[in-house]
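What follows is a short report on a single structure.
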Amino acid sequence: MKRRNTILILLSVILVMAVFTSCKVGYSFTGASIAPNVKTFMVSYFPNRARLVNPNLSQEFTQGTKGLENKVIKQTSLNQVSDNGDLEFSGQITDYDVKPMNIQSGDLAAQNRLTITVKVKFTNNKDHDQDWEKSFSQYEDFDSTSSLSSVEDQLVPQIVDKLTDDIFNASVANW
């Protein structure tokens, strides 16, 4: 009787393992869940179409140290290609805006907010059910006594990092 129970438990474990390994999806410590047949990715250049233009933003967002290309390279094992990737990212920077925040007495702003918005089209050429197109916005606040030009080099990489995290999570991590 004891031996039969041991055999039944062992067979159950083998059956469960067989079921779970037949539906294979790759997982990583970064939260990415990438199908095994996905091997490559490409990121198209994101032109800056915002009214207020930061001349370095397109380059920084696309290829900078905090940019989308580097995010995918560092957090996946996918190979980057120049066209026809299994995963494709394209889009444009649609807004780059500064607005006053935290209005104090005398109608003076205590802080300003720099907001960057990016419209992204994600195409999964291995599973088009996962394709999407959406906009992502992120911001950083800065003291109103500082000019945008004095804080821009510090704030833009922080905002780009947040944006690429959001885009990565929405595409590769499926969040």
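The values are calculated or read from the model by the stated rules, or taken from the named source; none is laboratory data. Keep in mind the model is a prediction, meaning the values are calculated, not measured. Virtual Cβ from ideal backbone geometry, glycine too; neighbours counted across all protein chains shown.
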Check ASP131, ASP127, ASP86 and return the single one that is in contact with a Phe, Trp or Tyr (Cβ under 7 Å, 6 or more places away or on another chain), surrounded by fewer than 17 Cβ atoms within 10 Å (Cβ to Cβ) and under 24 Å from LEU68 (Cα atoms). ASP131
Residues of the stretch 31-49 that turn out to be in a loop (DSSP other than H, G, I, E, B) and surrounded by fewer than 18 Cβ atoms within 10 Å (Cβ to Cβ), as a count: 9
With the checklist (1) touching a residue at least 60 places away in the same chain (Cβ under 8 Å); (2) touching a Lys or Arg at 6+ places or on another chain (Cβ under 7 Å); (3) in a strand (DSSP E or B) in hand, flag the one item ASP141 doesn't pass. (1)
Considering every residue within the stretch 101-112, establish whether at least one is of a type outside the set (Asp, Glu), part of a helix (DSSP H, G or I), on the phi > 0 side of the Ramachandran plot and over 17 Å from the mean Cα position of the chain (by Cα). yes
Suppose we filter SER149, SER137, SER105 for residues that are closer than 21 Å to ARG51 by Cα and modelled with pLDDT under 95; which single one remains? SER149
Among (1) surrounded by 13 or more Cβ atoms within 10 Å (Cβ to Cβ); (2) in contact with a strand residue (DSSP E or B) (Cβ under 6 Å, 6 or more places away or on another chain); (3) among the basic types (Lys, Arg) - the single one LYS66 does not satisfy: (2)
Could you list, in sequence order, all residues of the stretch 50-63 that are loosely packed, with under 15 Cβ neighbours inside 10 Å and either touching a residue at least 40 places away in the same chain (Cβ under 8 Å) or in contact with a helix residue (DSSP H, G or I) (Cβ under 9 Å, 6 or more places away or on another chain) (or both)? ARG51, LEU52, VAL53, ASN56, GLN63
Within the stretch 70-79, is there a residue that is over 13 Å from the mean Cα position of the chain (by Cα), surrounded by 20 or more Cβ atoms within 10 Å (Cβ to Cβ), at pLDDT 95 or above and closer than 25 Å to SER171 by Cβ? no
Those residues of the stretch 73-89 which are farther than 14 Å from THR123 by Cβ and β-branched (Val, Ile, Thr), in sequence order: ILE73, THR76
When you scan the stretch 108-119, do you find a residue that is closer than 21 Å to GLU133 by Cβ, at pLDDT below 95 and among the polar types (S, T, N, Q), even just one? no
